[in-house]
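Below is one structure, written out as structure tokens; the observations come after it.
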Amino acid sequence: MARILALDYGTKRTGIAVTDELQIIASGLTTVNTKELMSFLKTYTSEENVELFIIGEPKQMNYEVSESEVSITKFITTLEKAIPHIPIKRIDERFTSKMAFQTMIDSGLSKKQRQDKALVDEISATIILQSYLYNPS
């Protein structure tokens with residue numbers, strides 16, 4: 001089997017999470033500057049066996065797409081051209097940032113540590129990936 005890689009895409013930073021090769025455990029990998037994301041993904045997928053990208057799909061409470069979807073769609077088009085052999089699935093990412101923040105509180109991180117937006121993005125990507133693992137429809 002191969003890894004599954006999840007992205008919490010943002011215009012400034014993108015949180016990244018990955019599974020183990022057996023696709024049992026989702027772990028935060030890193031957060032990268034979005035301008036460097038494509039380079040990171042090309043390098044990572046050349047070094048690791050990745051079979052699927054999971055990308056968060058931001059929706060509003062009424063299920064309409066969020067305004068950030070425009071930039072995500074552009075990124076997906078670029079990703080499909082750059083790494084065409086790895087399919088992409090979308091997962092609803094509503095509440096992941098709030099869940100990530102609560103996870104940080106529950107983990108006992110200090111207020112200063114909880115202000116680290118890069119860590120929030122990485123945890124959000126992990127939550128997106130866990131959601132997929134629990135319900136891979």
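The values are calculated or read from the model by the stated rules, or taken from the named source; none is laboratory data. Predicted, not measured: the structure shown is a model, and the values here were computed from it. All Cβ positions, glycine included, derive from the backbone under ideal geometry; neighbour counts span all protein chains shown.
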Would you say Leu79 is crowded, with 19+ Cβ neighbours inside 10 Å, closer than 19 Å to Pro136 by Cβ, of a type outside the set (Gly, Ala, Ser) and modelled with pLDDT of 90 or more? no
Segment 117-137 residues that are surrounded by fewer than 19 Cβ atoms within 10 Å (Cβ to Cβ), paired with ones that are polar (S, T, N, Q) (beta carbon under 6 Å, 6 or more apart): Ala118/Thr31
Every residue in segment 33-69 that is modelled with pLDDT under 95, within 30 Å of Met1 (Cα to Cα) and charged (D, E, K, R), please. Glu57
